[in-house]
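Trainee: This is the structure I have questions about; it appears just below.
The values are calculated or read from the model by the stated rules, or taken from the named source; none is laboratory data. This is a predicted model, so every value here is computed, not measured. Cβ placement follows ideal geometry from the backbone for every residue including glycine, while neighbour counts extend to all protein chains displayed. Areas reflect the complete protein model, heavy atoms only, side chains present, ligands, DNA and RNA absent. Shrake-Rupley method; radii C 1.70, N 1.55, O 1.52, S 1.80 Å.
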Amino acid sequence: MKLKERFGRDGAFLFRWRSYLPLAFLTFAIPAFFQTVQTEDVMGEELSHAWVFFCMAISYTGLLVRCLTIGFIPAGTSGRGTKRQKAEVLNTTGMYSIVRNPLYLGNFLAMLGVVASLMVWWLVAIFVLAYWLYIERIIWTEEEFLSARFGKIYDDWSARTPVFIPNFALWQPAALPFSRKTVLRREYHGALAIAAAYFLIEVILDIGIKRESWSIWVVEDYLWVYLLLVCSVLYTTLMVLKKRTRLLNVSGRE
């Protein structure tokens, strides 16, 4: 099989299952938790907490990148289907003027923060390599589709716009105003996913490995509980509004 054909086959598979395949990475994280406990003992409680908060900032920066992308795009430019690709309009302004794949960049930052919070260098290295190999094939498949769909317009835009690392000097204002409703309707799950990831990590480390009492942990590490509860309420509220009302619908947006 030619490399081009293999990339196409692998990219189509990964594109369809792109929402679930990153979960397979969790198997590599299991032995890392025990190393994290050792690193925390060396760093001390205050420094360890400071590092985790820094990593959380990275994760929510990734969510912010996604929000700044979603909030400006018109309808027909970012289909969320998994079975086939679709695009009626090529978006080249806003976040798409400085990087071709801002949503994948946002995903990378969100997950990088979670992985880095474990303070295990080899786990971060595995994640970065695995994500690049994984996303490269998806991007290749999407670019083949977009090049065939939009021709020279796409080729010219892709020639000047970097794939993954933004070039802020290329910034062009978005064609549409920012839509908070669109962001709330499409990205309400992101804040909960990040909060749940950090909550789960703390539970595994403190209760699962260090054998701390649940009642004591809830009192001492109440921040993780509150963060999860707030994000859960936000998630539930926005999900109901999206499913049961048209309050978050915006004409001309995804």
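Trainee: Under a no-solvent Debye model with one identical scatterer per Cα of the stretch 152-211, what's log10 I(q)/I(0) at q = 0.29 Å⁻¹?
Mentor: -1.07
Trainee: Quote the Stokes-Einstein diffusion coefficient, in whole µm² s⁻¹, for the stretch 116-254, based on the Kirkwood radius over alpha carbon pairs, a temperature of 10 °C and a viscosity of 1.306 mPa s. Before the final figure, lay out the partial values.
Mentor: Details: Rh = 19.5 Å.
The Stokes-Einstein estimate is 82 µm²/s.
Trainee: Carbon and sulfur: what percent of the stretch 84-238's accessible surface (1.4 Å probe)?
Mentor: Numbers: 5400 of 7970 Å².
Result for the stretch 84-238: 68 percent of the exposed heavy-atom area is carbon or sulfur.
Trainee: Further, regarding this structure: Heads up, I need the accessible area for TRP51: 1.4 angstrom probe, whole protein in place, Å², nearest 10.
Mentor: We get 90 Å² for TRP51.
Trainee: Could you rank THR245, THR161 by how accessible they are, 1.4 Å probe, largest area first?
Mentor: Working: THR245 55, THR161 5 Å².
Solvent-accessible surface, decreasing: THR245, THR161.
Trainee: Ok, one more. Is the stretch 29-74 rounded, prolate or oblate when judged by the Cα gyration tensor, a ≥ b ≥ c being the square roots of its eigenvalues, rounded requiring a/c under 1.5 and prolate requiring a/b larger than b/c? Could you put the intermediate results ahead of the total?
Mentor: On the way: a/c = 8.48, a/b = 2.51, b/c = 3.38.
Verdict is oblate for the stretch 29-74.
Trainee: Measure of size requested: the Rg and Dmax of the stretch 198-254, with Cα atoms as the atom set and Å as the unit; please supply both.
Mentor: In order Rg, Dmax, the Cα atoms of the stretch 198-254 give 17.3, 53 Å.
Trainee: Still on this model: Taking the Cα centre as origin and putting +1 on Lys and Arg beta-carbons and -1 on Asp and Glu beta-carbons, what dipole magnitude results for the stretch 102-225, to the nearest 20 debye? Let's see the in-between values first.
Mentor: On the way: 10 positive and 12 negative charges, 82 e Å.
Magnitude of the dipole: close to 400 debye.
Trainee: Ordering TYR235, TYR134 by accessible area with a probe of 1.4 Å, largest first, what comes out?
Mentor: Details: TYR235 65, TYR134 40 Å².
My answer, sorted largest first, is TYR235, TYR134.
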